[in-house]
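Notes follow once the structure below has been shown.
The values are calculated or read from the model by the stated rules, or taken from the named source; none is laboratory data. Since the model is a prediction, treat every value here as computed from it, not as a measurement. Because the Cβ atoms are built from the backbone with ideal geometry, glycine has one as well, and the counts that use them run over all protein chains shown. Side chains are part of the model used for accessible areas, which takes the heavy atoms of the whole protein and leaves out ligands, DNA and RNA. Shrake-Rupley method; radii C 1.70, N 1.55, O 1.52, S 1.80 Å.
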Amino acid sequence: MNNKVQNNRAWLLVLPMLVLVAFSALIPLMTVVNYSVQDVLGPNARFFTGTEWFESILNDSALRAAFVRQILFSLTILAIQVPLGIGIALIMPKRGWQASAVLILITLPLLIPWNVVGSIWQIFTRGDIGLMGWGLREIGINYNITRNAGDAWATIILMDVWHWTPLVAMLCYSGLRSIPEAYYQAARIDRASKWAVFRYIQLPKLTNVLVIAVLLRFMHSFMIYAEPFVLTGGGPGSSTTFLSQSLATMAIGQQDLGPSAAFSIIYFLVILLVSWVFYTTIMHMQKDKNPHGGA
């Protein structure tokens, strides 16, 4: 006999959360979906277009080129920032005032607003007054981010590495600090080398932290806008125009609400899909290495 008392009042406890999710995610998303299937000519002039805007976006050669640039940029900064962040975390002091000082110094770039980062690097790279631009010119390097696409790309990648590698380093540092000292004592007893300690103790223990770091950095790099827009304006030509800038130009500059809404949905689904692929791949790799789920 079931003596449990049904009390539906418990649903009231999750009602605020449901309302918050509706306002923060569902309503904006449904609004974008609504615009993506309409041609909005005015407040009272709308025409149903079906999937026309989606087909137009997918067949746009300029947007496909921006997508390729976006993928290339995200993979490049991940390939640099993840190993560099691990390396910085490994050499950071473990205790004492040195640890506190390094932690403060290394997090400073993270505190700078994104558009300010672009402004700093825009000035820093100028050939007349910028230290980096002037220095490169003095040693004979013809460096100009407004005329040379390679210079612009290298500068944006360098700027992003400077700005966001501290986040990866901080996550890895917290992961390293959570490893019990008993593991290191056992390694010292076995006279394990530093490489063996890293390969068989530290790296496996960092797996979950690295999953978070990779996902965070990928999602942010895929949405990067302010820094390259302030630094290069998407140029020279369209060599540094990424997806977010293309979307902003379409939605704000051209006021194409229908196409920009369709673009937004495709953009969102791509980020969701690639993040899922990243997460699933890393989790499968971890499961293959540790099929019994032990530490």
On the full set of protein chains, 1.4 Å probe, figure out the accessible area of Glu52 and give it in Å² to the nearest 10.
100
The range 169-215 and the range 41-103 have their Cα centres apart by a whole-number Å value of 28
Over all directions, the range 173-295 yields a Cα convex hull whose mean projected area in nm² is 11.0
How many Å² of accessible area per residue for the chain, probe 1.4 Å?
61
Log entry: pair-distance distribution for the range 204-252, C-alpha pairs binned every 5 Å from zero, whole % per bin is 5, 19, 21, 17, 11, 10, 8, 6, 2, 0
Dipole check, the chain, charges on Cβ (K,R +1; D,E -1), about Cα centroid: among Ser246, Leu13, Asn44 the Cα furthest to the positive pole belongs to Leu13
Could you pull the accessible area for Lys94 with a 1.4 Å probe, rounded to 10 Å²?
80
Sort 260-267, 213-220 by packing, meaning the average of other beta carbons within 10 Å per residue, with the highest value first.
260-267, 213-220
Percent accessible area from carbon and sulfur atoms, the range 193-272, protein chains only, probe 1.4 Å:
70
Solvent-accessible area of Ile112, probe 1.4 Å, all protein chains present, reported in Å² to the nearest ten, please.
40
